[in-house]
Each structure stands twice: as C-alpha cells, then as structure tokens.
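Visitor: This is the structure I have questions about; it appears just below.
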Amino acid sequence: MSMFCHQCQEAAKNIGCTINGVCGKTFEVANLQDLLLYSLKGISFFGNALREKNIENQEIDEFVMKSLFLTITNANFSKKTFLKKISEGLKFRTELKKTAEGAGIKFNSLPDCATFTVPSDYEMEKKATTVGFLSIENEDVRSLRSLLIFGVKGMAAYAEHAYNLGYSDKNIYAFMHKALAASVDDSLAADKLVALIMECGKFGVDVMALLDKANTSTYGNPEITKVNIGVRNNPAILISGHDLHDMEDLLKQTEGTGVDVYTHSEMLPANYYPAFKKYSHLVGNYGNSWWLQKEEFEKFNGAILFTTNCLVPPAKNASYTDRVFTTGAAGFDGFKHIPDRKKGEQKDFSEIIAKAKSCKPPVEIEKGEIIGGFAHNQVLQLADKVIAAVKSGAIKKFVVMAGCDGRMKDRQYYTDFANALPKDCVILTAGCAKYRYNKLNLGDIGGIPRVLDAGQCNDSYSLAIIALKLKEVFGLDDINKLPIIYNIAWYEQKAVIVLLALLFLGVKNIYLGPTLPAFLSPNVAKILVETFGIGGISSVDADIKKMIA
Ligand code: SF4
Ligand code: SF3
C-alpha cells in the first residue's frame, strides 16, 4: 500500500485508494496532503488551547482554512505546493507553541503532530506515509474522525470563498481548530465525537449563510435567468470552480478586449447574479459537469481558468495543457498558477487574456438555453404561486436532488430518477449534481419549472431556507412533515458539510448515493441510520415507490 485515502465517493472498491487516487492524485501528493493535515492538527492543538485564553492569530486561522481547502478532492494536485505548505505550517506551529508558552499554558504531554520535525523534503515524504487515517487503529474512531474532518474540509472551502469577498467569522475558525485538535485527542469517547459532528453541522449552516451573505451582498440576489449554452465566434475564456470574486475580476479585465467569457460546471450559477449578467461578453455556460472536461476542453479551444475543484489531471497528449491556468486553492504542476490578489487589488489575469487572444473560438457542442436562479430570495418572491400549487395538489412533492456529480456509470440513476418522477413533482437542486437532469425537458407546473436550480453546492443553504419558510407557512412543527424528500448525490467533502448541515437542521430520512461513504464504519453507519434515517439508494422504480408513497 503506497497511500490511503477514503475521502470521496470514488474511493477504490468503496474502501479507499491505496496505489494512486482514482481522481488522478499521485500517492506522493496523497501522503503529503495527509502530512499537511497532520501539521494543521499540531497547529490547532496549540491554537485551540490559546483560544481558551482569548488569544487568536488571524494569519494562522487563515492558513488553516486555506490549507484544508487545498486537500479537498480534485482541488490541488501540486506536489510542490504541499511541500511548501507543510514547511509554512510547521513555522506557524512553532510560533503558536511559543505564544502558548509565553501565555503560561502548561501541557501535560504533547501529541506527535505538535512536535514532529522534518528537516528535508525526503524526511517530509517519509513522515507523510505514516500519518494518514489508517494510523488510527479503531475503525469506529477512524470513521467518526473522518466524518468530522471531511466536514471541516468542506466548511473551509466555503469559508474561503466568503473570506475572498471580505466576510469571515471567528467562530468558524475556532471550530476548525477545535475539530482538528479533537481529532488527535484519544481521550474523547465516541459520544463526544458524535456531538462534535453535530456541532460541525451547525457551523456548516453558519458558513453557508455567511457565504450566501457574501455572495448576495456583493453581487445581488440570483434571479430567474435563461443561460445560453451555445457559443459565439470570438476567442474566449472558460472559468470553472466556485469562486465568484475570481469571476468578477475576470469579467472586469476581459471587458472590451474582444475575449468572451463562458462559465463551466459549478460556475454556471454565476450567470444568475445581477452583477454578472450586465456583462455582454459573459456568453453563457459551456459544457457539463467536471468529469467531462477532458473532451470538452479539447473542443473549447480557448483559455481555461480553474478557481477551485473539480480539476481532472489532463491526459499526456492533451492539446489544452498550455491553455489551462489555476488560481486560489486549485493547482496542478504543469498548469500555470495565478497568484492571490494583493489587498484591495484585483488578481492579475492578463496572461490568461493574452493566451485567449491567441486561441480559436470554441466549437459549439450544444445549443439552446437552460434556466436557473431559483435561490431563496427568488423562490420566496414566488411563494404565493408555489404555496397555491401545493394547496391545490398541482405540486405533490418537492424532491431535493442537490449535491455532486461524478463519473461513475451508476450515476445514470439520477437522470433516470428525474425522468421517472411523477409529473406533479418538482426537483430542487444545487451543486453540479444538476447536470444529470438540467437539460432534460421536464416541463413545468403552472409556469413553475420542474427543475429549480438554486445555484452552487453551497446554495443548498437556499434549499434549507425555502424548506424552513414552507414549514412556517404551513404551520408545521417539524420540517420532516413537509412534502419534501431528499435524494442527495455526494462526491467530495463539500457535500459532507452540506449533509451535516441538513442533519443539524433536523432533516431526516435523507437518501444518499450513489454509494454510502467508504469512511463510514458499520457502527457509525448504524448510528446515522438509526438516528437520522439516512439510507442508500437502490433502483429507480423501487426508490420512487418508497419515496413518493
Ligand atoms: Fe481516492 Fe477520492 Fe481520495 Fe482521490 S480523493 S485518492 S479518488 S478517495
Ligand atoms: Fe461538483 Fe466537484 Fe461537488 Fe460544488 S464541482 S459540487 S463535485
């Protein structure tokens, strides 16, 4: 075994990747990600203790958040980035240790993550093979800590997008430290870890609310929008990932240059924001969800910018390698990386724009329009219509099909499920899961489209707000009495925080697929089933019978 990673839905054999990642991550990068996480645990060991004395270090809080984001699935594949981050992390750990000693904090003993040293890259790589999740012997403890840490990784991703727009919450940083420190505390019994996982869900709600506030205060509330999926005849840039501040900088810098901008995958919802819709060179969305990028990037012809996940390592003979740029948490040795913006300035995208100008226009792969923009503010404006449709029986059920898409063949289930749903059901979606059914012609119910797309995966928050509003309007005492069913697709760790947030809000009986997480031990899975009614999916027919009944 050269590595062990079990954090995403593609984990080999639904156990874990052990040779290289199914995602394309090399074993070296996987191990270095483990070591970076381990050093963050060491940092948090001190950071958490210091917080009890009200001593905080903003720079280190931000480092922890950004580093966690680097380790989520399909964000960063760059070995040199991880070597650098581990060195930086160990310096921060030393700084915090000194601060703790200076503050008179006494520790009975220090865990290895708080003391280990790696004087060379070689030592670093050697140490990295010993600190992954398999080093936790008890499978239930390993499972609970995994669930907690993967939730925190998703939380960090959303926190960073909010941070990039100038929004942050110290309590969220404090929870990251608390959770990371708890994950090396062998005295914590399982019930304490379960409580922390629930608390993680609470901060999941908070971080999505924070990001919602950051996005909507900066760019306006998403509104119903028809998004063009065809192309124009100009050179162009395709922007992928989730970071709206990058979107803003790119649109500003490309305006008037003759270079068009298209969104890709999770950036599609940028088209719904008033502040972006005003740019006439934002043409629309190109392509589908992340896993189809190898073929679609060949055809796009222009420059491509990854602001976050999901990046797929290119084939050796890919024509587009020199056209791809990364920024923020995204990284791949071989793609050019655009550095962070300096305070108060824009990121410098001039190199991407120059590259785009030398490229041919995109090849058209689709034509037409898709509709979206049904985030909470917009849906609540339609509340009367929606409520009337529910009361008259025109809408029988809402089906939340939010989350992630992925390349497993089994995900055809979601297309078939959407197609097979009775015509009086409306799908509420968010995240790249939508690409499995957002181009089907599912029609509408009295003018309400049968697929309502709220936005990116973090906009699952919108779906929760809508559910809470409906609960209030219908005078119900329990969110589970609403005519809403949850059939959620997961892939990476942002979906883990979304799931924990829904559980914290009291949502029960969520169907989770296409497979249950590899990191759930039988006992932990049992807790989730017995406490929250979480279940897996089976066949479309059987599930429709079960869920719609
Ligand atoms: Fe495997 Fe997923 Fe980990 Fe990649 S992120 S190594 S696919 S479990
Ligand atoms: Fe998709 Fe990667 Fe999760 Fe933001 S882009 S939802 S998988």
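The values are calculated or read from the model by the stated rules, or taken from the named source; none is laboratory data. On a predicted model such as this, the values are computed, not experimentally measured, just so you know. Cβ placement follows ideal geometry from the backbone for every residue including glycine, while neighbour counts extend to all protein chains displayed.
Visitor: If you check residue 48 against the conditions, is it within 19 Å of residue 149 (Cα to Cα), modelled with pLDDT of 95 or more and away from ligand 2 (no atom under 16 Å from the Cβ)? Break it down stepwise before answering.
Guide: Numbers: within 19 Å of residue 149 (Cα to Cα): yes; modelled with pLDDT of 95 or more: yes; away from ligand 2 (no atom under 16 Å from the Cβ): yes.
Yes; evaluated as a whole, the condition is true for this residue.
Visitor: Further question on the same structure: From 97, 25, 66, which residue is within 16 Å of ligand 2 (Cβ to nearest atom), assigned by TED's automatic domain parsing to the domain that holds residue 170, over 19 Å from residue 123 (Cα atoms) and of a type in the set (Lys, Arg)?
Guide: Values: 97 fails: within 16 Å of ligand 2 (Cβ to nearest atom); 66 fails: within 16 Å of ligand 2 (Cβ to nearest atom).
Selected residue: 25, the only one of 97, 25, 66 that is within 16 Å of ligand 2 (Cβ to nearest atom), assigned by TED's automatic domain parsing to the domain that holds residue 170, over 19 Å from residue 123 (Cα atoms) and of a type in the set (Lys, Arg).
Visitor: With the range 183-287 as the region, which strands (runs of 3 or more DSSP E) entirely inside it contain at least 3 residues that are in contact (Cβ under 8 Å) with a residue 60 or more places away in the chain?
Guide: Numbers: elements: 225-228, 236-240, 260-263, 282-285.
Answer list for the range 183-287: 225-228, 236-240.
Visitor: Sticking with this one: What do you reckon, is residue 56 free of Cβ contacts under 8 Å to residues at least 40 places away in the same chain and acidic (Asp, Glu)?
Guide: Values: free of Cβ contacts under 8 Å to residues at least 40 places away in the same chain: no; acidic (Asp, Glu): yes.
Criteria not met by residue 56.
Visitor: Within the set of pairs 6+ apart or on separate chains, which have a first residue in the range 152-179 that is on the phi > 0 side of the Ramachandran plot, a second that is in a helix (DSSP H, G or I), and C-beta atoms under 8 Å apart?
Guide: These pairs meet every condition: 166/214.
Visitor: Which condition number does residue 37 fail, the rest of (1) outside any helix (DSSP H, G or I); (2) within 16 Å of ligand 1 (Cβ to nearest atom) being met?
Guide: (1)
Visitor: Just a yes or no: is a residue in the range 432-439 in contact with a helix residue (DSSP H, G or I) (Cβ under 9 Å, 6 or more places away or on another chain), assigned by TED's automatic domain parsing to the domain that holds residue 377, among the aliphatic types (A, V, I, L, M) and surrounded by 24 or more Cβ atoms within 10 Å (Cβ to Cβ)? Before the answer, list the steps.
Guide: Kept after step one, since they are in contact with a helix residue (DSSP H, G or I) (Cβ under 9 Å, 6 or more places away or on another chain), are these residues of the range 432-439: 432-438.
If we keep only those that are assigned by TED's automatic domain parsing to the domain that holds residue 377 too, we end up with 432-438.
Add one more test, that the residue is among the aliphatic types (A, V, I, L, M), and what stays is 433.
Cutting the leftovers down to surrounded by 24 or more Cβ atoms within 10 Å (Cβ to Cβ) gives us 433.
Checked against the condition, which is being in contact with a helix residue (DSSP H, G or I) (Cβ under 9 Å, 6 or more places away or on another chain), assigned by TED's automatic domain parsing to the domain that holds residue 377, among the aliphatic types (A, V, I, L, M) and surrounded by 24 or more Cβ atoms within 10 Å (Cβ to Cβ), the range 432-439 yields at least one hit.
Visitor: Out of 465, 497, 537, 479, which single residue is within 30 Å of residue 161 (Cβ to Cβ), among the aliphatic types (A, V, I, L, M) and in contact with a Lys or Arg (Cβ under 7 Å, 6 or more places away or on another chain)? Show your work before the answer.
Guide: Values: 465 fails: in contact with a Lys or Arg (Cβ under 7 Å, 6 or more places away or on another chain); 497 fails: in contact with a Lys or Arg (Cβ under 7 Å, 6 or more places away or on another chain); 537 fails: in contact with a Lys or Arg (Cβ under 7 Å, 6 or more places away or on another chain).
On inspection, the qualifying residue turns out to be 479.
Visitor: Something else: Would it be correct to say that residue 236 is away from ligand 1 (no atom under 16 Å from the Cβ) and farther than 30 Å from residue 26 by Cα?
Guide: Values: away from ligand 1 (no atom under 16 Å from the Cβ): yes; farther than 30 Å from residue 26 by Cα: yes.
Yes.
Visitor: Looking at residue 55, is it part of a loop (DSSP other than H, G, I, E, B) and within 16 Å of ligand 1 (Cβ to nearest atom)? Talk me through it step by step, then tell me what you get.
Guide: On the way: part of a loop (DSSP other than H, G, I, E, B): yes; within 16 Å of ligand 1 (Cβ to nearest atom): no.
The answer is no for residue 55.
Visitor: Can you pull out every residue in the range 4-16 that is within 7 Å of ligand 1 (Cβ to nearest atom) and surrounded by 24 or more Cβ atoms within 10 Å (Cβ to Cβ)? Walk me through it before giving the result.
Guide: Here is the first cut: in the range 4-16, the residues within 7 Å of ligand 1 (Cβ to nearest atom) are 5-8, 10-12, 16.
Hits for the range 4-16 are 5, 7, 8.
Visitor: Only residues in the range 520-549 that are in the same structural domain as residue 485 (by TED's automatic domain parsing) count as the first member; pair them with residues that are of a type in the set (Phe, Trp, Tyr), Cβ under 6 angstrom, at least 6 apart or cross-chain, and list the lot.
Guide: Sorted first by the residue in the range 520-549, then by its partner, the pairs are 535/511; 537/511; 540/417.
Visitor: Ok, one more. All but one of (1) within 30 Å of residue 68 (Cα to Cα); (2) of a type in the set (D, E, K, R); (3) away from ligand 2 (no atom under 16 Å from the Cβ) hold for residue 494; state the number of the condition that does not hold.
Guide: Going through the list (1) within 30 Å of residue 68 (Cα to Cα); (2) of a type in the set (D, E, K, R); (3) away from ligand 2 (no atom under 16 Å from the Cβ), residue 494 breaks only (3).
Visitor: Would you check if residue 394 is among the aliphatic types (A, V, I, L, M) and outside any loop (DSSP other than H, G, I, E, B)?
Guide: Values: among the aliphatic types (A, V, I, L, M): yes; outside any loop (DSSP other than H, G, I, E, B): no.
No, not satisfied.
Visitor: Would a scan of the range 58-77 turn up a residue that is more than 16 Å from ligand 1 (Cβ to nearest atom), part of a loop (DSSP other than H, G, I, E, B) and of a type outside the set (A, V, I, L, M, F, W, C)?
Guide: Within the range 58-77 (the criterion being more than 16 Å from ligand 1 (Cβ to nearest atom), part of a loop (DSSP other than H, G, I, E, B) and of a type outside the set (A, V, I, L, M, F, W, C)), the answer is no, since none of the residues qualifies.
Visitor: Oh, and also: Can you tell which of 524, 496 is in contact with a Phe, Trp or Tyr (Cβ under 8 Å, 6 or more places away or on another chain) and modelled with pLDDT of 95 or more?
Guide: 496
Visitor: Just to be sure I understand, how many residues within the range 118-159 are part of a loop (DSSP other than H, G, I, E, B) and in contact with a helix residue (DSSP H, G or I) (Cβ under 6 Å, 6 or more places away or on another chain)?
Guide: Taking the range 118-159 and keeping what is part of a loop (DSSP other than H, G, I, E, B), we get 118-120, 129-132, 136-138.
Applying the additional criterion that residues be in contact with a helix residue (DSSP H, G or I) (Cβ under 6 Å, 6 or more places away or on another chain) yields 118, 129, 131-132, 136.
Within the range 118-159, residues that are part of a loop (DSSP other than H, G, I, E, B) and in contact with a helix residue (DSSP H, G or I) (Cβ under 6 Å, 6 or more places away or on another chain) number 5.
Visitor: Might you check whether a residue that is part of a helix (DSSP H, G or I), in contact (Cβ under 8 Å) with a residue 40 or more places away in the chain and in the same structural domain as residue 377 (by TED's automatic domain parsing) occurs anywhere in the range 471-484? Working first, answer last.
Guide: Going residue by residue through the range 471-484, those that are part of a helix (DSSP H, G or I) are 471-473, 479-481.
Then keep just the ones that are in contact (Cβ under 8 Å) with a residue 40 or more places away in the chain; that gives 473.
Of the ones still in play, those that are also in the same structural domain as residue 377 (by TED's automatic domain parsing) are 473.
Yes, some residue in the range 471-484 is part of a helix (DSSP H, G or I), in contact (Cβ under 8 Å) with a residue 40 or more places away in the chain and in the same structural domain as residue 377 (by TED's automatic domain parsing).
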